[in-house]
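Just so it is clear, none of the values below were taken in a lab; they were calculated from the coordinates. This structure is a prediction, so every number in the text was calculated from the model and none was measured. No Cβ is skipped: glycine too gets one built from the backbone with ideal geometry, and neighbour counts run over all protein chains shown.
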Amino acid sequence: MTDEPDKNQEISSGPAQEGKSADLLRDEAISLIQTCYDPEIPVNIWELGLIYEVNIEDNNGVRVVMTLTSPFCPAAQSLPEEVKTKIEGIHEVGEVVVDVVFDPPWTQEMMSEEAKLQLGFM
């Protein structure tokens, strides 16, 4: 795993069914992830750099690898479940698995330029 999330990663390890390509399903999943916010930070978790991977797998399953700003984050239970629930709402998606990892640990450098600007870090 790299030190920073690769938001431009093209992952389509399984064939999409029902007319949507893996890339389109991945894009739709990312759009939904961008509606999830850490309750203590007014920036979505994608821009915060909390999402390390979004993979479309066989049978249109989706695997998300994410982290939290801290292992003691108050949203440690709710945020991964919110991500899972939103992606499960995509009609064509099969099983959704959200893995929470802490290696590499999240740092402010993982945030997008937009997030840094919004939070006053630039």
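Let me know the charge dipole size of region 27-66 about its Cα centre in debye, to the nearest 20, where only the beta-carbon of Lys, Arg (+1) and Asp, Glu (-1) is charged.
40 debye
Can you say what percent of the DSSP beta bridges in region 24-122, counting only those with both residues inside, are antiparallel? Round to 5.
55 percent
Please get the size of the charge dipole for region 20-103, origin at its Cα centre, with Cβ charges of +1 on Lys and Arg and -1 on Asp and Glu, quoted in debye to the nearest 20.
For this selection, approximately 100 debye.
Applying 1/(1 + (r/R0)^6) with R0 = 22 Å to the Cβ-Cβ distance of residue 113 and residue 35, what FRET efficiency is obtained, to the nearest 0.05? Show your work: numbers first, answer last.
Numbers: r = 20 Å, r/R0 = 0.92.
Given R0 = 22 Å and the Cβ-Cβ separation, E is 0.65.
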